[in-house]
Amino acid sequence: MSDLEFDRQFDPAYGEAVPAGENVARLTVNNPSPFTFHGTNSYIVGRDTLAVIDPGPEDEAHFQALLAAIGGRPVSHIFVSHTHADHSPLTARLKEATGAIVAAEGPHRAARALHIGEINPLDASSDTEFRPDIRLRDGEIVDIGEWAIEAIATPGHTANHMAFALKDSGLLFSADHVMAWATSIVAPPDGAMADFMASLDRLAARDERRYLPGHGGPVDRPQKFVRALRTHRKMREAAILDRIRKGDRTIPDMVREIYRDTDPRLFGAAGLSVLAHLEDLVARGLVVTDGPPAIDGIYSPA
């Protein structure tokens, strides 16, 4: 069994810079939804020369709150974890206002090529206009003296997802890969379950003591939480295999049984998560389907 316990106690304190660590502040956008929880977290790192992590969506009140928290201090870098529309679009305005260098893994891209006739259901939520000034490599460290931030490639939620470790602080900005309030959505073709699980293993092997995620409150004892999250995903995989062995052949049938206690507004996302698992199961030879794995595919035991 998984001992995964979610923490949904969180005060977004919209418009306020809330201390989140030594010389680290969190500002939360007022964009609550079933997918963003209370809203997207932006972080400001530093005392004299600053970095901003994930400016957020186009939101005037949040832009003004960021500028107020920056307080005229120089911003050397803007780090962007990934290119979903609740994390990266405000980057351009903040860059123009501060002159900061934008650093990220790269532009938005899918984890795999689209199948013939396939339409990406997540196009509308992707920031396809985003272009960083610097494309960060896995393990690359941006060090300005006052602070140093390490880029950690964590694909899975998106192909270009990165976490950022604040060196010598015990803090890791985990964005949407690991969150205390819920599991991350892994939705093909933007994301890939095999990548997501491998990225969990990478983070579990590190020694940070606290994660500051893209939504909700901090993750304490993160190695234990990540191990439980991995077990939770393996249990979901087992549940999918069980439904197929019991005769379910379509993703909607599986979703109705596996997610029976879930908000129906999330059934579409749940279906994409099941598809992500099925892509991995087909690749591993545990499930067969009539053509490439697809949301409307027919699935059978191998």
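All of (1) in a loop (DSSP other than H, G, I, E, B); (2) more than 22 Å from Met162 (Cβ to Cβ); (3) in contact with a helix residue (DSSP H, G or I) (Cβ under 9 Å, 6 or more places away or on another chain); (4) not aromatic (Phe, Trp, Tyr) hold for Gly291 with one exception: (3). Would you mind stating whether Pro55 is touching a strand residue (DSSP E or B) at 6+ places or on another chain (Cβ under 7 Å) and either modelled with pLDDT of 95 or more or within 27 Å of Gly145 (Cβ to Cβ) (or both)? Judged against the criteria, Pro55 is a match.
Within the range 1-23, being surrounded by 21 or more Cβ atoms within 10 Å (Cβ to Cβ) and more than 25 Å from Arg265 (Cα to Cα) holds for no residue.
One residue is enough: does the range 264-278 have a residue meeting the conditions more than 24 Å from the chain's Cα centre (by Cα) and surrounded by 14 or more Cβ atoms within 10 Å (Cβ to Cβ)?
Scanning the range 264-278, I find no residue that is more than 24 Å from the chain's Cα centre (by Cα) and surrounded by 14 or more Cβ atoms within 10 Å (Cβ to Cβ), so the answer is no.
Would you confirm whether or not the range 263-286 contains a residue that is among the polar types (S, T, N, Q) and in the same structural domain as Thr40 (by TED's automatic domain parsing)? Checking the range 263-286: not a single residue is among the polar types (S, T, N, Q) and in the same structural domain as Thr40 (by TED's automatic domain parsing). Filtering the range 129-151 to residues that are over 19 Å from Arg26 (Cβ atoms), outside any loop (DSSP other than H, G, I, E, B) and in contact with a strand residue (DSSP E or B) (Cβ under 6 Å, 6 or more places away or on another chain) leaves Ile134, Ile141, Val142, Ala148, Glu150, Ala151.
Taking the condition of a type in the set (Gly, Ala, Ser) and either closer than 26 Å to Met193 by Cβ or crowded, with 22+ Cβ neighbours inside 10 Å (or both), does Ala104 pass? The answer is yes for Ala104.
Tell me, please, whether a residue that is part of a loop (DSSP other than H, G, I, E, B) and over 20 Å from the mean Cα position of the chain (by Cα) can be found in the range 75-97. No: zero hits. You will find that of Ala187, Ala198, Ala182, the residue that is at pLDDT below 95 and surrounded by fewer than 20 Cβ atoms within 10 Å (Cβ to Cβ) is Ala182 and no other. When His161, His177 are screened for being in contact with a Leu (Cβ under 8 Å, 6 or more places away or on another chain), surrounded by 20 or more Cβ atoms within 10 Å (Cβ to Cβ) and farther than 14 Å from Ala20 by Cβ, only His177 passes.
The values are calculated or read from the model by the stated rules, or taken from the named source; none is laboratory data. Values in this document were obtained by computation on a predicted structure and should not be read as measured data. All Cβ positions, even for glycine, are placed from backbone atoms using ideal geometry, and neighbour counts span all protein chains on display.
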